[in-house]
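Peer 1: Handing you this structure, nothing more for now.
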C-alpha cells in the first residue's frame, strides 16, 4: 500500500504521516527531503515554486514510490501534491496509491505556520499554496481529515478508511 498524505504547508502532513506510518507499521518518506537545494532556497526567500521547479521533485518521488511498490513495501509519503496533475504524476510510480487530504481553516493553518520554527517554508507562501490547491476529485477517493481533530483520532479514521 502506498499512501500520500497531502495538503498545504503547515497542515500537518509530516506529523500525521509519521503517526500513520507507525500505525500501519511501514516506512515513512518526507517529501520535503526530495526538493532540490535551489527549490529550498527559492521557497526560503519567499518565492513560490512553479511547475518547472516541481516536476523534477515529483518525478523523484514517483520513482521512489515505484521502487517501494515493486518490492512490495508499504509506505506513507508526506507531499503537498496540490494539483491533480501532480497527483497523477505520483501515480506513475503506483497507480493504486491512496490519498489522505489534510484540510483546515486558513486561520488554523496560518497559526500553525506562524508557530513553526526551523523550516524553510515561510508563512508568507501560504496564500500561494491555497491558490494552487486543487481539491481531490471524487475519482481520487481521498480520505478527508480535519487537522483540528486530535492526531490519534485522525490516524484511527485514516487506518479504518484504508482498510475498509
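The values are calculated or read from the model by the stated rules, or taken from the named source; none is laboratory data. Quick caveat, the model's predicted, so the values are computed rather than measured. Neighbour counts run over all protein chains shown; Cβ positions are idealised from the backbone, glycine included.
Peer 1: Inside segment 66-80, can you point out the residues that are farther than 14 Å from residue 29 by Cα and in a loop (DSSP other than H, G, I, E, B)?
Peer 2: Just the residues of segment 66-80 that are farther than 14 Å from residue 29 by Cα, to begin with: 70-72.
Residues satisfying the conditions are 71, 72.
Peer 1: Take segment 38-47 and flag every residue that is in contact (Cβ under 8 Å) with a residue 60 or more places away in the chain and in contact with a helix residue (DSSP H, G or I) (Cβ under 6 Å, 6 or more places away or on another chain).
Peer 2: Within segment 38-47, 46 is the sole residue that qualifies.
Peer 1: Looking at segment 5-20, I want the residues that are at positive phi and at pLDDT below 95 and have a partner that is in a helix (DSSP H, G or I) and surrounded by fewer than 23 Cβ atoms within 10 Å (Cβ to Cβ) with Cβ atoms under 7 Å, at least 6 apart or on another chain. Which pairs are those?
Peer 2: 10/112; 10/113; 10/126
Peer 1: Now for a different question. Within the bounds of segment 148-160, is there any residue that is part of a loop (DSSP other than H, G, I, E, B) and either touching a residue at least 12 places away in the same chain (Cβ under 8 Å) or surrounded by 15 or more Cβ atoms within 10 Å (Cβ to Cβ) (or both)?
Peer 2: Residues of segment 148-160 that are part of a loop (DSSP other than H, G, I, E, B), as a first pass: 148-150.
Still in the list and also either touching a residue at least 12 places away in the same chain (Cβ under 8 Å) or surrounded by 15 or more Cβ atoms within 10 Å (Cβ to Cβ) (or both): 148.
Looking through segment 148-160, at least one residue is part of a loop (DSSP other than H, G, I, E, B) and either touching a residue at least 12 places away in the same chain (Cβ under 8 Å) or surrounded by 15 or more Cβ atoms within 10 Å (Cβ to Cβ) (or both).
Peer 1: Which ones in segment 3-37 are out of contact with any helix residue (DSSP H, G or I) (no Cβ under 8 Å at 6 or more places or on another chain), over 22 Å from residue 133 (Cα atoms) and in a helix (DSSP H, G or I)?
Peer 2: Listed by number, the residues that qualify are 18, 21, 22, 37.
Residues checked against (1) more than 20 Å from residue 14 (Cα to Cα); (2) surrounded by fewer than 18 Cβ atoms within 10 Å (Cβ to Cβ):
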| residue | (1), (2) |
| --- | --- |
| 33 | no, yes |
| 38 | yes, yes |
| 43 | no, no |
| 54 | no, no |
| 62 | no, no |
| 66 | yes, yes |
| 71 | yes, yes |
| 78 | no, no |
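Peer 1: Does residue 147 satisfy the condition of being more than 21 Å from residue 26 (Cα to Cα) and in contact with a strand residue (DSSP E or B) (Cβ under 6 Å, 6 or more places away or on another chain)?
Peer 2: Numbers: more than 21 Å from residue 26 (Cα to Cα): yes; in contact with a strand residue (DSSP E or B) (Cβ under 6 Å, 6 or more places away or on another chain): yes.
So residue 147 passes the test.
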